[in-house]
Each structure stands twice: as structure tokens, then as C-alpha cells.
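J.: Dropping a structure here in C-alpha cells format, bear with me for questions.
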Amino acid sequence: MYSGEEVEGYEKGMNIAKRIFMPIFLLTIIGAYFVGNSMGYIEREYKEANEYGFSGVVYEKKIEGGEGYRYPHYLFLNSGIRWQVSSELYDKIQIGDSVLKKSKFDSVYYYKKSGQIIIEDENLDLRNRYLEKLKEK
């Protein structure tokens, strides 16, 4: 098997690696937390999502990675957009239905062929985080 010297050398190497990589790992996690919760980052994320606009007609629906509600559900629009939706909304939308998200608005409008309109607030979590950070100022 392994000699005592080889095991001792391996353990010594592992201890050195732990001393080097653990502080780097911890500092990376702490830094990512502060960057992810900074006002500038949250504001940029919200404004980017808010200013995004698109429209199109659903020509394909796809669940990527398998079947089930945990996998991402996508609608493919004829305008080239691949839009991720909840599993509940995915079941309601059919091929031929239209989707519209106006720039500077948080709501996405799903127009069904039957005339029904489904309105989803897509940026609710981002907007709430942004407004909370504004209150903290």
C-alpha cells in the first residue's frame, strides 16, 4: 500500500492546500454577496430588465432538460426571442398565442387566440429589491 512517509507527505500537501484555498474561497463568497446586494448592481439589473421589450407569436414550446415543473419552460417567439415562463403559464399558453412586453414596463401580456389576456408581473422580485435599497439610502 502506501508508506508512512507518502501518507504524511500527502496530508502535509492537503493542509497547505486548505490554508491557501479556504481563505480565497471565503473571500470570494463574501465579495459576491456584497456585489450582489450593492445598490449599483441591483439598480442596473432592474433597469436592464425594465427597459427590455419584445413581442412575437409563439411558434414552439419546450421544456429543457426533461419533463416536470422543475425544469425551465420556454416559449419560442417568431421574433427570435426565447422566453422562460413558469410551468403554470406554460400550460395555459398555446402555439399561435401572442406575447408582448413593452419597454419601461414590468408586465408581460399574453394574448390568447380565444381573446383572453393574461398579465404577469415579470420584474416583481427585482423591483422589490430595488425599492428596498432605495428606502435604505
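J.: Within the range 61-85, can you find the residues that are touching a Ser or Thr at 6+ places or on another chain (Cβ under 7 Å) and at pLDDT 90 or above?
T.: 73, 79
J.: Given the criteria surrounded by 12 or more Cβ atoms within 10 Å (Cβ to Cβ), of a type outside the set (A, V, I, L, M) and either on the phi > 0 side of the Ramachandran plot or not in a strand (DSSP E or B) (or both), does residue 90 qualify? Before the answer, list the steps.
T.: On the way: surrounded by 12 or more Cβ atoms within 10 Å (Cβ to Cβ): yes; of a type outside the set (A, V, I, L, M): yes; either on the phi > 0 side of the Ramachandran plot or not in a strand (DSSP E or B) (or both): yes.
Spelling it out, residue 90 is indeed surrounded by 12 or more Cβ atoms within 10 Å (Cβ to Cβ), of a type outside the set (A, V, I, L, M) and either on the phi > 0 side of the Ramachandran plot or not in a strand (DSSP E or B) (or both).
J.: Tell me which of these residue 66 doesn't satisfy, since it passes every other one: (1) touching a helix residue (DSSP H, G or I) at 6+ places or on another chain (Cβ under 6 Å); (2) at positive phi.
T.: The number of the failed condition is (1).
J.: Residue 97 versus (1) touching a residue at least 40 places away in the same chain (Cβ under 8 Å); (2) on the phi > 0 side of the Ramachandran plot: which is the lone unmet condition?
T.: (2)
J.: Restricting attention to the range 49-87, report how many residues are open to solvent by 20 Å² or more (accessible area, probe 1.4 Å), within 13 Å of residue 97 (Cα to Cα) and either part of a strand (DSSP E or B) or among the aliphatic types (A, V, I, L, M) (or both).
T.: Matching residues across the range 49-87 total 6.
J.: Follow-up question, since we're still on this one. May I ask you to list the residues in the range 35-60 that are modelled with pLDDT of 90 or more and of a type in the set (Asp, Glu)? Before the answer, list the steps.
T.: First, pick out the residues of the range 35-60 that are modelled with pLDDT of 90 or more: 53-60.
Result: 60, single match.
J.: Could you count how many residues in the range 102-120 are among the charged types (D, E, K, R) and either over 17 Å from residue 83 (Cα atoms) or open to solvent by 70 Å² or more (accessible area, probe 1.4 Å) (or both)?
T.: Step one: of the range 102-120, the residues among the charged types (D, E, K, R) are 102, 104, 106, 112-113, 120.
Narrowing further to those that are either over 17 Å from residue 83 (Cα atoms) or open to solvent by 70 Å² or more (accessible area, probe 1.4 Å) (or both): 102, 104, 113.
Adding up the residues that qualify gives 3.
J.: Determine the pairs where a residue that is within 12 Å of residue 52 (Cβ to Cβ), located within the range 102-113, has a partner that is assigned to a strand (DSSP E or B) and of a type in the set (A, V, I, L, M) with Cβ atoms under 8 Å apart, the partner being 6 or more residues away or on another chain.
T.: Sorted first by the residue in the range 102-113, then by its partner, the pairs are 108/99; 108/100; 108/119.
The values are calculated or read from the model by the stated rules, or taken from the named source; none is laboratory data. Nothing here was measured: the structure is a model prediction, and the numbers come from that model. So basically every Cβ, Gly included, is an ideal-geometry build from the backbone, and we count neighbours across all protein chains shown. The accessibility values were calculated without ligands, DNA or RNA, using every heavy atom of the protein model including side chains. Shrake-Rupley method; radii C 1.70, N 1.55, O 1.52, S 1.80 Å.
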